[in-house]
Structure formats: C-alpha cells, structure tokens
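Working notes for the structure below.
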Amino acid sequence: MFRNYLKTAFRNLLRNKGYAIINISGLAVGMAACILLFIAVRYELSYDKFQPDYKNIYRVVTQDKYADGMEYTPGTPYPALDALRVDISQVITGVLYATYGSQVTVLGKDAGRSFSEKKFIEQSGIFFADPQFFAVFHFNWLSGRPSVLAEPGNTVLSKKMAEKYFGKWQDAIGQFIKLDNALTLKVAGILENVPGNSDFPLGIVGSYEGFKKCSAYSYTTDWGNTTSNEQVYMLLPSNIPADNINKQLVQFSKKHYGEDKTSIRTNFLQPLSEIHFDNRFENFGDHTTSKSTLWTLSLIGVFIIIMACINFINLATAQAVNRSKEIGIRKVLGSNRWNLLWQMMGETALIVFIALIIAIGMANVCLPFIKHIDSISEPLSIFTTQTILFLAGTAVIVTIFSGIYPSLIVSGFSPMLALKNKITSATIGGISLRRGLVVTQFAISQVLIIGTIVAISQMNFVRNADLGFNKNAVFVLNSNSDSIILSRQQALKESLLHMPGVQSVSFSSDMPSSDNNWSTNFAFNHKPDEKFSVYAKMADEDYFKTYGLQFVAGHGYEHSDTLKDIVINETLVKKLGLKDPNDAIGKEIKFGGSRRPWKTIVGVVKDFKTNSLREETKPIFIATRQQFYSTTSVKIRSTNLARTKDAILKMWDKYNPEYAANSYFMDETINDFYKQENQLSLLYKIFAGIAIFISCLGLYGLVSFMAVQRTKEVGIRKVLGASIGNIVYLFSKEFTLLIIIAFTIAAPLAWYMMNSWLQNFHYRIQMSAGMFVLAVLISVVIAWITVGYKSLKAATANPVKSLRTE
C-alpha cells in the first residue's frame, strides 16, 4: 500500500511539473530562511549557558536616581569589592576588570627586555581577575590553576592567545609579556579557548592585585568613582534567593554611599541570564541583543513559512479540480475517504521532504554569510542535535498545516460528480479561504516591505545627520597616557603639522562622539551641587579647530597642561536654566567636591552628538588636562588620504617606537555605533525579498490555474470583442483588491512594530504616509508584473484554437 502511494505521488509530481516546482521552490526557500533564523536566534539565546552555575550567577550593577531620570552602569566603585565580601560574606564574590585597545608587548623569556618588535593592540580587551572570579565562573584550564592569579606578577592566556604570541601554547608557560608598556607579567596558566557565545571573551587575564598596584591603571579607593570596566560577580548558593541579597544591597548602598545630594545610588543583582539582553548595561562582549529583536526574528521566520504553506494550500486546492476523475475512479474501485486522505497527505509529505533537502543545501551554502546579519564570529553547523530536531518538527508541522485542508477537500469528492467531470473550482468551495490566504500572504509581505522602507530611511538619516562636528578625514591614534607618551606629544605635534597633508592636530581624552560616559557631580555659580551630572572631555586648545566645533558664545581656551578655563555645550546651558549662552560666559563651575577650585567658563559650543543618535545629547564640559590625553586626532586634507595616513604612522613609530599604533578614521567608529541597526535593516531587506518571491510564486501558480480553467471564457470574450487590456484586467482586478485589503491589515501592524523600533533612537525620522503608500504601490506593481505575464499570454492566445479544443 505504501509503495503504491509513493509511486502515485511521484507520478503525480512528474505529470504536474509546474505545480511541483512552484510548491517545492516556495517551501524550500521558506524553510531555508527558517533554518538560518533558528540558528541565529538559538545562538544568541545560548550565551554563557555552558556555565554550570548559569542560574545562580549574578552581576552587581549600579543605579543612580537623579531628579530627571535614572542612569545605569554595570560597574561598581573599586573599594566595593572588599566591602561586599565583608558585608555579604555568605556568597562567593569575584571581580573582573577590562581595558580595551591596550598594547601587549611579547618579551619572551627575558622580563627585563626593553624593546620588542612583537607588539599587538588587543581591541577585544585585556582582563584582570582574582582567583575568586574563577570560583564564580567555570573555565577549562589546560595548565595552571586559578590560585596563580593571587600573585601580582602573574597572568594566564587563552590557548589562542598563547599560540599567537609564542607559537605553541605549551611554550608560553614561564615567558613574559608587558601590558601598555607599564606592567610586566609572567605567563602562569593557559585557559581553553572561551566559546564564541560568551560575554566573557577572556584572552589575557592578569592578576587583579597587579592591576591595583600599577599606577597606569588609576586604581583608587574613592567611592565616588564608578566605571563600567570594573564589574563584580556573585555566585549565590541555591538556598539563598536573589531577593534576600538585593535587600542587603539596599542597606549596603545606604551605608557606603551615604546621602549623595546629586543622586540616590543603589546596587542590585542582575542575573547572568539577562546580561546579554539588557540594553541598559554594557557587557564585556561585543554586543547586546534585546529579546524583542529575537522575537521579531522568530516571528519573521514563522511568517515566511506560513506564506510558503499558504502557497501550497492555494495551489493544491486549485489543482484538485484536475484530479477529480482520478479520485472518482479510486472511490468506485473501493477506496474510502481515509485511504484518499492518507494518499494526499503522503504526497504532501513527499513534496515537503524534497523541499527540506533543498532547503538544507541552501541554508548550508548561506550559513557562512550569517555573520553579516548577526555578530557570530565562530563557524556554525546545521547538523547539530537541536537543529535536526527543529528540522524534523518543522517538516511535520508544515506537512500537516499544508496538507490537511487540501486532503480533506479532495478525499470528500462525490464519485458521481467526479466521474461526470462536474467538479469545478467553484463547487469544491474554499474560494473565500483562498482569497483570505492571499490577503494573509500580502499582509505579511507589506509588513516586511514597510519595515524595510522605515529601516532604510532611519539609517540614511543617521548617516546624513548633522553631528555638530566634522567627522570626515580625521585620523585617530589611541594610546595610553603615561609619562613617556605625554613627554613626546608636543614634538610629535610639531612634526605632524609640518606635513603637507595635515591641517591640524589635537590631543584629547576622546573624540567628540564616543562611548565615553565619564561624568561627575558639579556646582555652578557658587551654589550647592546641581541635581544632575556633567560629562567631561579633556582636550587641548586645538580640539575645536580639528573637529570643527562651532562657538555660539565666547571663545576657546589657551594652552595649559592642567585644568584651567572651560568650555561647555548648549545642553548644559539649558539645564542650568540660562536663556542665553552669553549669560554663561564668566560664570564659574566647580567639579567633584567642595575642596576643588572654581573654574571660569570662557566659551559655549553649539551642541554636538556626544554619543550615538540613540541617546540624547549630554551636558558636557571641555577642559585642558594633559594627563588624560590618550587620543591623537589628525585632520587630513581630503587629497591623498592613504599617503598622508602612511606618513602619519611612520611619524608615530619614529616618536613612539615602543608603542604600536592603534589607528582608524573617525567616521569608521561612528558607523560602528549602528552595527546592529544596520544588520536589522539588512535582515528586513532579505526577508522582504523572500516574502515577495514566495508571494509571486503563489500568484503565478494561481493565475496559471485560472488561465487554464477560464480558457473557453477568454476565447468567447475575445470573439465578442474584448481587448487584450480587458482580459488582463479580468485576471488582475481581484488580486489588486486583495492587495489593498491586505494593506489595511498590514499598515497598523507595521506602524506599531516600526514605531517601537524607532523608539530606540532619541533622534529619529517620523513615519510618513508616503512610506505606506510606497509599500502598497510596490506590492501592486509586483503583483501586476506576476499576474500580467500569464494574463497577457492567455489574452494573446488564438481564441479559435481555445474554443475548438473544448
């Protein structure tokens, strides 16, 4: 029986090649898209789940409540670690500190070596930890043990880093590296490479005690100094709820932070399971992913597979008319409804199986490119247990969803009507259902088209937005700010300015727009501290010229190595309640405490975007303080950029041979702010294209069937004088109406989804009616092209031939 069903199914597919190709193509593309989305979403959801105590690990984070809102940081003040171990002693508490863009100099076996050609800039971070950190987290050790980090002069490397620096990881033990030309460490352990799905990309882990003792890293016991680079983690025993620790942290905060007039500061626990998904906080990985984004991707995958199933249902019910005689004969010869039902479901399963094999091949080819739509660095495989189970489940669900309705329709044919060839597309019913399914298809397509239009428009707005400064042709070199670097800066600057391609040079703590959120409390005009923080940028007198910052009042300051006069931005003027920027000139500001001296405001610059366009412009001050000048910015003339860049790097090596050049153009870092948004925009483009493709396949199949069913009608209409345009209109009008109905469903759903996405940006576009009109026009044009081809073919056929064959 099964063999007979299989043979019949193959014969039916070979007899109706067009029907089979359309169905298999739609299902294969839909399932391939679902496979890729499943792999990407599962990978994001798997972050750090390899940790044995995943559910019991928490990060101690900080909340500052100001008069005008909340601010969050994943870090704690440096002295909080020891205090937490005393006040909350019933849990294991470990610390991890990170520094980014640091230099690693490989010294080899000679710790006293003064110079080495092997210098590396590690953008992914250099970490410092204590042994307790490895009691909270579990990482595999190839050599050594966590206790080696109790010694200030020790470090451990991952296998990958050890091979990068020393060839074989086994040769690394006992050799030396130097961090930032300031801290020499002995390799005392090797870690197995950390999986890519971790927010703890440990490559170099130095002793936390060594970090504390190294002046280059500015460790302080000041409770007012909080940085996201210093993060504290706790492992809670299974019998202690997180709420109990949070109550203790409230008391801990009151005890150690006291009555801060600027904000109310509180520590609380954040579960490890939320670290990768909470956009309020940074993590040590390269990105966070909101759960809403993952739900959106999952929903797109479901929509795509539903569209493919809709194609199958529409075409299978339409195709049923052509099989009416076959079904009638089978019933006369003794087949019951269940036999026919299983036969039809078997044919569906065969089509789904063929489509699944093709989908696996397509997904496997596309898998290496998934890194362009998600931040996945390690190679992935389709053939994992979870993916195979997902494929099996998808195949079963698609088979049932696609096949059950057409099978019920076909198996329910009356044998008498079937043998008399009186089964038509009208008598089998389901016309309203098919129309509803077409509407559903195009509603999904239009949601994705609108999403694509809005995402592209927002990202174009971001790329072309006025940032308030000139980001073009600014070449940036980052370094640490130790005494050696600082002593050579003036000579380096003079040499750079003598280059024909260089317009200006500036030293600063960071660029105008960066991830820096260095803030402090302050007082204005000899009054008590303000109820909000101000953000700091330290820069020399050429900072304004190099970045093209515009003054709206006053002027810049003169050269100084220490904090003297200051410049503020318009946002700070407004938050201070001043109506005119000129009113701020000559007023005084004091930062960070009552003993600090008052500083005079000499200028107000026009607002510039201090961070990404997701955030509002912060109140900032700019002042001189050479000890923080770790960024060298060089404004280059637009001609011969590459040649000038190479000359600058040679000049850097001449003055700073011990320091590797950590360089980039500023506009590149601005683009990196929006990496995930650009990926989401690309996703919308890809899946809108897939949705349109599947919709077009379905439309083409339905119109092809209609053309065959209405051959005699078309012939009669042409004999009676109907034009080609009339015939094309006959086929197109219903689908055009269905697309418009689909638009009325899609428009509010798309508006809600994209409006929620736009809320991530403080500076954003407004969705206009034109975007929605463009989406429906795209859908109508695509449908007309799809329907028009087959309609035109039917309309230009010889009516004599079509009538003669009836």
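Suppose accessible area is computed on protein heavy atoms with a 1.4 Å probe; arrange Tyr47, Tyr763 from highest to lowest.
Details: Tyr47 15, Tyr763 60 Å².
These residues rank, largest area first, as Tyr763, Tyr47.
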Using helices alone, what [θ] at 222 nm do you get for the chain, with -39,500 (n - 2.57) per DSSP H run of 4 or more residues, divided over all residues and rounded to the nearest 500? -15500 deg cm²/dmol
About the Cα centre, charge dipole magnitude for the stretch 517-583 (Lys/Arg +1, Asp/Glu -1 at Cβ), debye: 360 debye
Given the pairs Lys545/Lys590; Lys49/Lys186; Lys119/Lys164; Lys537/Lys606; Lys109/Lys168; Lys527/Lys574, which are separated by over 20 angstrom at their Cα positions? Lys545/Lys590; Lys49/Lys186
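Using heavy-atom solvent-accessible surface (probe 1.4 Å) with all chains present, what is the largest-first order of Phe38, Phe524? Spell out each step's value before the answer.
Working: Phe38 50, Phe524 10 Å².
The residues order as Phe38, Phe524, largest area first.
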Dividing the Cα radius of gyration by the Kirkwood radius, what Rg/Rh value follows for the chain? 1.08
With every protein chain left in place and a probe of 1.4 Å, what is the accessible surface of Ile568, to the nearest 10 Å²? 0 Å²
Could you give the accessible area per residue of the stretch 97-189, probe 1.4 Å, as a whole number in Å²? 42 Å²
Tilt, helix 17-45 to longest principal axis of the chain (alpha-carbon atoms), in degrees rounded to tens, equals 20 degrees
Which order do the peptides 93-104, 354-365 take when ranked by the mean count of other beta-carbon atoms within 10 Å per residue, highest first? 93-104, 354-365
Solvent accessible area, Å² - Cys366, 1.4 Å probe, full protein context: 60 Å²
Could you tell me what a quarter of the Cα convex hull surface of the stretch 56-104 works out to, in nm² with one decimal place? 5.8 nm²
Taking the 0 to 90 degree range and rounding to the nearest ten, how far is the long axis of helix 769-795 tilted relative to the main principal axis of the chain, both from C-alpha atoms? 30 degrees
Would you work out if the stretch 486-556 is rounded, prolate or oblate? Take a ≥ b ≥ c from the square roots of the eigenvalues of the alpha-carbon gyration tensor; rounded if a/c is under 1.5, else prolate when a/b is larger than b/c, oblate otherwise. prolate
If you roll a 1.4 angstrom probe over the protein chains with everything in place, what fraction of the accessible area of the chain belongs to carbon and sulfur, to the nearest %? 57 percent
If I fit a long axis through the Cα atoms of helix 385-411 and take the longest principal axis of the Cα atoms of the chain, what angle between them do I get, 0 to 90°, rounded to 10? 30 degrees
Accessible area (Å², per residue) of the stretch 482-598, counting only protein heavy atoms and a probe of 1.4 Å: 48 Å²
Accessible surface of Glu274 in the full protein assembly, 1.4 angstrom probe, to the nearest 10 Å²? 80 Å²
Send over the Kirkwood Rh of the stretch 449-532, from the inverse of the averaged 1/r over different Cα pairs, rounded to one decimal Å. 17.6 Å
Please list Lys579, Lys685 in order of solvent-accessible area, largest first, computed with a 1.4 Å probe with all protein chains present. Lys579, Lys685
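The values are calculated or read from the model by the stated rules, or taken from the named source; none is laboratory data. Worth saying up front: this structure is predicted, and the values here are computed from it rather than measured. Positions of Cβ are generated from backbone atoms using ideal geometry, with glycine treated the same way; all protein chains shown enter the neighbour counts. Heads up: the accessible areas ignore ligands, DNA and RNA and are worked out on the full protein's heavy atoms, side chains in. Shrake-Rupley method; radii C 1.70, N 1.55, O 1.52, S 1.80 Å.
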